[in-house]
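Asker: Quick one: this structure, given as C-alpha cells, is what I'll be asking you about.
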Amino acid sequence: MRVVVLFIAVLGLLVQGGRLAWGATPLGTPDAYDVLYPQDEPPTDAEVFLGKVLFFDPRLSSKKNISCATCHNPDLGLGDGLALSRGAEGVLLARHTPSLYNLAWNVKFFWDGRATSLEQQALMPIESSQEMNMVPEELLPRLRAVPWYREQFAAIYGKEEFTMPEIGRALSAFQRSLVVDDTPFDRHIAGQENALGPAARRGLALFAGKAECVQCHDGPNFTDESFHNLGQADNGDAGRGGVINEASLHGAFKTPGLRNVALSAPYMHDGSIGTLQEVVLFYNRGGGPAAGKSRLIRPLNLSDQEVADLVAFMGALTQEVRIERPAIPASDP
C-alpha cells in the first residue's frame, strides 16, 4: 500500500484582483499525515487482500445475508444510498452509513467517535446486535471452516486458529487502502492550472473564506476530527455527548471528511439531507433551530451562485476508486 502524503494550503488562499494566489501556510506538514499503521508496520498485499475478501463475505453476519460491502458499497461511494440502513435482522439503524475513504488518517471513528482505532472500528459493526449481529463464538468456527481463510491467516499471522483481533487487523488493512488523493483539487494544488474549472475555483475561495467551511472541514481529508451540534432536531441521539458523558456535546456528531463526498448521498448523521446543494443551503440558513447548536454555525448570506460554486468545488474532490469484488472462498464440504 502506498504511504500517501496529503496536505492542504487552504488557509493560505488569497483572492487578489479576481485571481487565486496561494500563501505559504499549509494546514499542517506532510509528516503529520503519514498513514497510521499499528506498530508503524505497513500491511502486505496479502493482508490487504485477505481483508478485502472478509469485507465482501456475508458470513460475517448472523444470517449470512449482509457483508460490510452491503452498507459500504463501492458503487455508491462506499455508502449505500439510503438515509438509514437495515442490519442483518432487519432492524433499521439509528444513523446514516458513513463513507470509508481515507480512514487511514483518522483518529476517531463512527459519528460519535466511540472507536479510537481502525482495528476497533472494523469489528464493532460485526458484533453489534443492530448491525451484523455476529458473536465471536459463532463467527470464528464459521470462518475457520474455510480452507482459504485458514491458509491465509496462517501465512500472514502465523496461526490457523485465528481470533477476532486478526480479523480486525485484516479488515483495517483493506480499509487503509481506500485512498482518494488524486482529485482535480489535488492536481490544482500541485500546480495544474486548468485542473479546476471557474465555478470550482470560486467555490474553493468561498470554502476557505466567506462560507467558513474550513473552520470544521480542514486538514488533508477536510475534517477537524471533532464533533459539532448543527442544530438539527433532537431525536434523542446524544452523539458524542453520550460517549464521553458530556452534556455540552449532546447531539454533536463528527465532522465527516469530504473526499468523494459527491458519491455518497444522502448526508448528515441521520441521512436527512438528500443533496449537496441542500447541505449548503442548510448551512446557509445557519443550520437548524435546535438548542445546543455550535457557535460556529450561523447564517452565511450566500447567493444562489455562491451555493452552486461551493457544490462545484466539492465535486472537484472526486476520484474514481476501482474496487473489484473478490470471489468468496468456499467452506469445507
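Asker: Considering only residues of region 283-330 that are under 24 Å from Asn260 (Cα atoms) and charged (D, E, K, R), which is surrounded by the fewest Cβ atoms within 10 Å (Cβ to Cβ)?
Answerer: If we take residues in region 283-330 being under 24 Å from Asn260 (Cα atoms) and charged (D, E, K, R), then Arg322 is surrounded by the fewest Cβ atoms within 10 Å (Cβ to Cβ).
Asker: Within region 271-282, which residues are open to solvent by less than 40 Å² (accessible area, probe 1.4 Å) and not aromatic (Phe, Trp, Tyr)? Don't jump to the end; show me each part of the working.
Answerer: Applying the first criterion (open to solvent by less than 40 Å² (accessible area, probe 1.4 Å)) to region 271-282 yields 271, 273-274, 276, 279-280, 282.
Correct list: Gly271, Ile273, Gly274, Leu276, Val279, Val280.
Asker: Let me ask you something else. Look through region 74-116, keep the residues that are small (Gly, Ala, Ser) and without any contact (Cβ under 8 Å) to a residue 12 or more places away in the chain, and return whichever of them is least open to solvent (accessible area, probe 1.4 Å). Break it down into steps so the answer makes sense when it comes.
Answerer: Taking region 74-116 first, the residues small (Gly, Ala, Ser) are 77, 79, 81, 83, 85, 87-88, 90, 94, 99, 104, 113, 115.
Of the ones still in play, those that are also without any contact (Cβ under 8 Å) to a residue 12 or more places away in the chain are 90, 115.
On the way: Gly90: 38, Ala115: 0 Å².
In this case the residue turns out to be Ala115.
Asker: Look through region 132-173, keep the residues that are in a loop (DSSP other than H, G, I, E, B) and among the acidic types (Asp, Glu), and return whichever of them is farthest from Thr44 (Cα to Cα).
Answerer: Within region 132-173, the first condition is being in a loop (DSSP other than H, G, I, E, B), and the residues that meet it are 132-135, 145-146, 158-163.
Next cut, among the acidic types (Asp, Glu) only: 160-161.
On the way: Glu160: 18, Glu161: 20 Å.
Only one residue fits best here, namely Glu161.
Asker: Which of the numbered conditions does Arg169 fail, given that it passes all the others? Conditions: (1) surrounded by 15 or more Cβ atoms within 10 Å (Cβ to Cβ); (2) farther than 15 Å from Phe55 by Cβ; (3) among the charged types (D, E, K, R).
Answerer: The one condition Arg169 does not meet is (2).
Asker: I'm trying to understand the selection: among the residues of region 190-200, which are surrounded by fewer than 19 Cβ atoms within 10 Å (Cβ to Cβ), of a type outside the set (S, T, N, Q) and under 18 Å from Ala312 (Cα atoms)? Spell out the reasoning first.
Answerer: Taking region 190-200 and keeping what is surrounded by fewer than 19 Cβ atoms within 10 Å (Cβ to Cβ), we get 190-195, 197-199.
Subsequent filtering for residues that are of a type outside the set (S, T, N, Q) retains 190-191, 193, 195, 197-199.
Glu193, Ala195, Gly197, Pro198, Ala199, listed by residue number.
Asker: Could you look through region 174-210, keep only residues that are of a type in the set (Asp, Glu) and in a loop (DSSP other than H, G, I, E, B), and pick out the one that is nearest to the chain's Cα centre (by Cα)?
Answerer: Filtering region 174-210 for residues of a type in the set (Asp, Glu) gives 181-182, 186, 193.
Now restrict to residues that are in a loop (DSSP other than H, G, I, E, B): 181-182, 193.
Values: Asp181: 14, Asp182: 17, Glu193: 29 Å.
Among residues in region 174-210 that are of a type in the set (Asp, Glu) and in a loop (DSSP other than H, G, I, E, B), the one nearest to the chain's Cα centre (by Cα) is Asp181.
The values are calculated or read from the model by the stated rules, or taken from the named source; none is laboratory data. Everything quoted here is computed from the prediction, not taken from an experiment. Heads up, the Cβs are rebuilt from the backbone with ideal geometry, glycines too, and the neighbour counts pull from every protein chain shown. What goes into the accessible areas is simple: the full protein's heavy atoms, side chains included, and nothing from ligands, DNA or RNA. Shrake-Rupley method; radii C 1.70, N 1.55, O 1.52, S 1.80 Å.
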